[in-house]
Amino acid sequence: MALVEMKTVDGVGTITLNNVKKHNSLSKELIDHICGALNEMKTQGIRVVILRAPAGVKVFSAGHDVRELPMNGRDPLTYNDPLRLVVRTIELFPAPVIAMVEGSVWGGACELVMSCDLIISAEDSTFAITPAKLGVPYNISGVQNFLNTAGIPVCKEMLFTANPIPVKRLVDHGLVSHAVPKDQLESFTLSIAQDIAKNSPLVISLLKEELRILSAAHNLSPETFERIQAMRRQIYDSHDYQEGIKSFFEKRPAKFIGK
Ligand code: YXS
C-alpha cells in the first residue's frame, strides 16, 4: 500500500503522508516512499513540492518510528538512518520544498519539516522536539539543523523542555513562515507555490544550494567531532536511553537517573 500520495499540476508537486493510522510515524517504509516520490518529481522537473498530511489530521507526524530505534547499544541516528536520509534528500532536492503543516509535529518530524525550505502551518498546530523526553542522543547535524532554523533561545527551550510549542511563537521567531486559518491553509500554500513555480528554476536551484552551503556547519575539528560522538555513545549505551524507550511503550513518564 502506498504510504504517500503524489500529485503534480503545472510544475507544483504535492506529496501527502498517508499512514494516518500510525500517525505518519517516520518508519523506514514511509521514508522510502517519501524519497521515492521526491526522486520521481526531480525526474519530472517539478519546480516546487508541497509536503503535507491529509486535511483534518490531528497529528501531522508522530516523529521517528520509536519501534525502529535500536535498543542494543547501537547509534539510534546514524548517517544512514532513514530520518537522516530524508532530511538530506529534501535539503538536496533541486527545487523548494514547502512543508504544509496541519496537526501536531513530534520529534524527528520537526527536523523533517524544518529541513523544508518554507513551513506554512495551520494556526493551531504545535511542534515538539522530543529527544530529551525519550532519552535519545540526537545527532550533531540534526542539532545544527534545529539551530539554523530556530536560533539558540527557541532551540534550547524546545530541546530542553520537549514541550509542544504553539506555532504562533515559532512564527514570531521566524522558524515558521506563516500560520493561517485551517480553511485557508491549502489555498494560501498553493498561491505561494505557484509564485515560486513562475520564477527561474535554474536560479532558484542555485540559490537553494548556495544557502544550504552557507548555512552548513562551520569547520569541526576531527577531535571535536569524535568527542561529540563519544558523548553520544555514552548516552545510547546508558540506562536512561533504555528507560526512555521503555517508558514510551509502557505509556508512562520516564524515570531518568542521569546514567
Ligand atoms: O499503542 P498502539 O500500538 O496503538 O500504538 C500507539 C502508539 O504507540 C503509536 N505511536 C507510535 N509508534 C511508533 N513511533 C511513534 N513515534 C509513535 N507515536 C505514536 O501509535 C498508536 C496510537 O498512539 P496514541 O494512542 O498515543 O495516539 P494519541 O492520538 O493518543 O496521541 C498521538 C500522539 C502523537 C500525541 C502520541 O502518539 C505521542 O505522543 N506519540 C509520540 C510522539 C513522540 O514523542 N515522538 C518522538 C519519536 S522519537 C523521535 O522522533 C526522535 C528519535 S527524537 O525523540 O530524538 O526527536
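The values are calculated or read from the model by the stated rules, or taken from the named source; none is laboratory data. Only a predicted model underlies this, so the values are computations on that prediction, with no experimental measurement involved. Quick reminder, even Gly has a Cβ in these numbers, built from the backbone with ideal geometry, and neighbours come from all protein chains shown. Remember, those area values only see protein heavy atoms, side chains included, never the ligands or the DNA or RNA. Shrake-Rupley method; radii C 1.70, N 1.55, O 1.52, S 1.80 Å.
Miscellaneous remarks
- GluC sites (Glu not before Pro) within the range 212-251: DSSP coil, no more than 15 neighbouring Cβ in 10 Å: E250
- The chain, accessible surface, carbon-and-sulfur percent (1.4 angstrom probe): 57
- Accessible surface area normalised per residue over the chain is 50 Å², counting heavy atoms of protein chains with a 1.4 Å rolling probe.
- Shape category assigned to the range 105-240 from the gyration tensor of Cα positions, a/c cut at 1.5: oblate
- In this structure C35 has an accessible area near 10 Å², from a 1.4 Å probe over the protein heavy atoms.
- When +1 charges are put on Lys and Arg Cβ atoms and -1 charges on Asp and Glu Cβ atoms, the dipole computed for the range 4-198 relative to its Cα centre reaches about 240 debye.
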